[in-house]
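The values are calculated or read from the model by the stated rules, or taken from the named source; none is laboratory data. Fair warning: this is a prediction, and the values are worked out from it, not measured in the lab. Note that each Cβ is placed from the backbone with ideal geometry, even for glycine, and that neighbours are counted across all protein chains shown.
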């Protein structure tokens, strides 16, 4: 293959620059992030950008994915470290932070690591959701372990609640951090954004006429499906619409995973790598001022002082493919992206406005204009037209990597050993800015065709049926919250067929209208008839003047609910779906049911419910 190189900042040029550069004599600060959905990474890059603008004269700031950091060798030698730690599941580390936490916790608990981190100053910002019992557990655990090993907190631990406004929580922590750093005497505030501020890949351009078509825009093949680094290429076996009117859409997909090294159980998750729509891609290419068939390869710069990760795909790629698969264009821009756009802006007023929005002083304007206005990165690029980054800077500093989307698997391997099913509500909503937002993954899945390839991996969950099939079950899942319970019912049907004795199972399902969005109605009725489901309790919120939801059906069947969940019965409660409203309402209803059934006080009822959760019998899969 012969490349037509036209970029002026290729690897050879970068190597020449490096040979002429003096070593960076500034003090170093490392920012580590452990992320599952990309938020911690977004905050880490935003933090680096703001720190660089304030203290870059004396300190070099480096951002690293925590799984790329050799903590045993490097952490004891650091002077200043900030850790942004998300929590997954029942207080567990994210996939990327598992090795780090294993080492850190063993060092702290083993007793032989006393003073290991003496001389290190650190700060921790934990990310979580208060709907989960173990809110920000990893942030708290990491902070405690660091102190046990002799490190000093430079700033009090911060916590962000994704159930409310996690961006505002992060800004508040940053304000406290900057005040602490100012008080510590950290000097060398920058006078503005330098050309060195931008992290940029080297770009090697090529001519489509000189590259075999089969080599361009290839999806990586041969992945195991075990993790995000090795996605398996599944094949779409079926796509069908589940709604029958009402103006909304929900699709059922079946993905063939024959040959995948990963296996699954009912209740597990599938992560899908989706693509931006053609319309979004075309608009982004126009904002960058490049044609869609522009072909290039991204390479790490020789110096790589910003610790850029390896490009997602070696290439060659057309701009159409790169924007579709790898650039998060429709999320709100983080502050690091705004500063990067400011550094590229040729219009002084636009540069100043972008810098203001990215500053702590302008956080009110950022929240009003970007967060509350629900403006996307693409919209900001279209509005600030003079901020036109190079391709290297766009993928290195402006556009976050498009993250996989997680779905509760709505099938069981006992019935579908070679496929996973997804039940996906298609997102289309009006934004305050006037645009119609289409969910990246849901709309892409809705457009999927039979035979199309879908990169995915499977992830284990603790949302599982009890080991004994005779244990009673209460399942609450309105809308697509039904997904894992469809898998549960398939598994129970297989157990019943094998001769197992099943405990009672009640399913509380809710939708707007029986005629339009009662998904899998025939399957659920068949499950009742066949014995896999004892009783189906359906609530329809738009059929009468007074709205009815799943919690109302729970109240109406309080005796059956508490009979299953009492200590003597030992039943399990599962809740899947909306975290902000439904899960809270169900919890309050459960509290009332417990108090009424036992005649105890509200405080005693709460203790009983906490005991239910602590024993692993109250499980949530909410978002």
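Some points to look at:
- Matching residues, the range 67-92, being more than 19 Å from residue 155 (Cβ to Cβ) and in contact with a helix residue (DSSP H, G or I) (Cβ under 6 Å, 6 or more places away or on another chain): 67, 71, 72, 87, 91
- Hits in the range 418-444 (condition: under 20 Å from residue 231 (Cβ atoms) and surrounded by fewer than 16 Cβ atoms within 10 Å (Cβ to Cβ)): 418
- Search result, residues across the range 29-75 that are over 22 Å from residue 310 (Cα atoms) and touching a strand residue (DSSP E or B) at 6+ places or on another chain (Cβ under 9 Å): 51, 52, 55, 58, 59, 75
- The residues on offer are 539, 527, 559, and the sole one that is assigned to a helix (DSSP H, G or I) and touching a helix residue (DSSP H, G or I) at 6+ places or on another chain (Cβ under 6 Å) is 527.
- No other residue among 177, 253 is touching a strand residue (DSSP E or B) at 6+ places or on another chain (Cβ under 9 Å), closer than 26 Å to residue 56 by Cα and buried (at least 20 other Cβ atoms within 10 Å of the Cβ) apart from 177.
- Contact map, the range 127-142: first residue under 17 Å from residue 606 (Cβ atoms), second residue modelled with pLDDT of 85 or more and outside any helix (DSSP H, G or I), Cβ cut-off under 6 Å, separation 6 or more or different chains; pairs are 130/161; 131/579; 131/622; 135/128.
- Residue ID - farthest from the chain's Cα centre (by Cα), chosen from residues in the range 252-280 that are assigned to a loop (DSSP other than H, G, I, E, B) and free of Cβ contacts under 8 Å to residues at least 60 places away in the same chain: 259
- In the range 101-122 there is at least one residue that is modelled with pLDDT of 85 or more, under 27 Å from the mean Cα position of the chain (by Cα) and surrounded by fewer than 14 Cβ atoms within 10 Å (Cβ to Cβ).
- Inside the range 206-223, residues that are in contact with a strand residue (DSSP E or B) (Cβ under 7 Å, 6 or more places away or on another chain) and either assigned to a helix (DSSP H, G or I) or within 22 Å of residue 65 (Cα to Cα) (or both) make up a count of 2.
- Among the residues of the range 335-350, those identified as touching a helix residue (DSSP H, G or I) at 6+ places or on another chain (Cβ under 6 Å), free of Cβ contacts under 8 Å to residues at least 60 places away in the same chain and part of a helix (DSSP H, G or I) are 338, 341.
- Residue count for the range 328-351, restricted to those that are surrounded by fewer than 23 Cβ atoms within 10 Å (Cβ to Cβ) and under 23 Å from the mean Cα position of the chain (by Cα): 4
- Among the candidates 203, 155, residue that is at pLDDT 90 or above, in contact with a helix residue (DSSP H, G or I) (Cβ under 7 Å, 6 or more places away or on another chain), assigned to a loop (DSSP other than H, G, I, E, B) and not assigned by TED's automatic domain parsing to the domain that holds residue 586: 155
- Residue match in the range 441-448 (condition: part of a strand (DSSP E or B) and in contact with a strand residue (DSSP E or B) (Cβ under 7 Å, 6 or more places away or on another chain)): no
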